[in-house]
1. Only one of these is assigned to a strand (DSSP E or B) and touching an Asp or Glu at 6+ places or on another chain (Cβ under 6 Å): VAL132, VAL124. Name it.
2. Is it fair to say ASN198 is at positive phi, at pLDDT below 80, among the polar types (S, T, N, Q) and surrounded by 16 or more Cβ atoms within 10 Å (Cβ to Cβ)?
3. Given the condition assigned to a strand (DSSP E or B), in the same structural domain as LEU128 (by TED's automatic domain parsing) and either at pLDDT 90 or above or surrounded by fewer than 22 Cβ atoms within 10 Å (Cβ to Cβ) (or both), answer yes or no: does some residue in segment 266-285 qualify?
4. Within segment 16-26, identify whether any single residue is crowded, with 18+ Cβ neighbours inside 10 Å, part of a loop (DSSP other than H, G, I, E, B), among the hydrophobic types (A, V, I, L, M, F, W, C) and at pLDDT 95 or above, and answer yes or no.
Amino acid sequence: MLQADRGLIYGDTLFAQGTAPPVITLAGAPAVPIPIRVECTLAGALGAWQGHISFDGGVTFPQTFTSSAVPLPLTGAGSGVALTIAPGNASANNVWRATCATLQDQSGNGKHATQLGSTVQPIVTPGLNGKVGIAGEARAYMRCIGFALPLPSTVRYHFAVFRLRNAAANQSVFGRGDAGLNFDVTYQAADSRLTAYNGLPVGNNRPLGPWQIIERDIRNQATDVFKVGSLIATGDAGNGATSDPQIFASAGGGLGDFELLATAHTPVQPDWAAIRAAINSPAGYGAGAIEV
């Protein structure tokens, strides 16, 4: 079970955009995972350029600073984190955002999702109801190294809470890490649908934007269920054995632009009604927050 607001380990280098931005590294962790966004507000060299920092994805910027070689401790929601700014000139269009290097498996089985490459780590997003998400932005992905999904004779179930952000042909939502296409969920821009794919796609048309739940009953039969939000599709999309499954990517597809709150695989049939109720409870992501 992977959940973005639990067991999140930040990447040690902020993802930077704009004109030749200086490197900013991150150390420590806040009490609760938050999206950290840094923007340059006055261009210049180290010691002269100025910026401000947001802990809600860019809605508000409660902390301002003048750049320095001395580590910059964050305040408020960012307490526990320090940023170190490398020498270099900052430009007015420079933006830096915190990334996720690891999501720790909440089941206790050690099936963590990781990404060591700082330039391809997903962004930590505001998520929903104060609980962060992670976004691939069609450039980042994570892999569950050492996680082997069983042979087709074994029934398994897949669950996720996510939202599509932008559409492009053959974007991978969930995929396998070894060679092949099976156990993919891919967005097909040509006909605006999500597909569960292993040679014969089982489609489920979904819009961009709304938070939705994926519920999959995978047993290599024509009665297999692929439910996304309120829409249900059935059909045998296959479930061949796979290893090192991926988030935002697959071995045979493109990188996906979607935002993830949680995902899980299990050999035990879930109580889907109870899961939906928990997700849409005040203790979850808020009453009615996710389409079911």
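1. One residue alone meets the criteria, VAL132.
2. Answer is no for this residue.
3. yes
4. no
The values are calculated or read from the model by the stated rules, or taken from the named source; none is laboratory data. The shown structure was predicted, so the numbers you read here are calculated from the model rather than taken from an experiment. Reconstructed Cβ throughout: ideal geometry from the backbone, glycine too, with neighbour counts over all protein chains shown.
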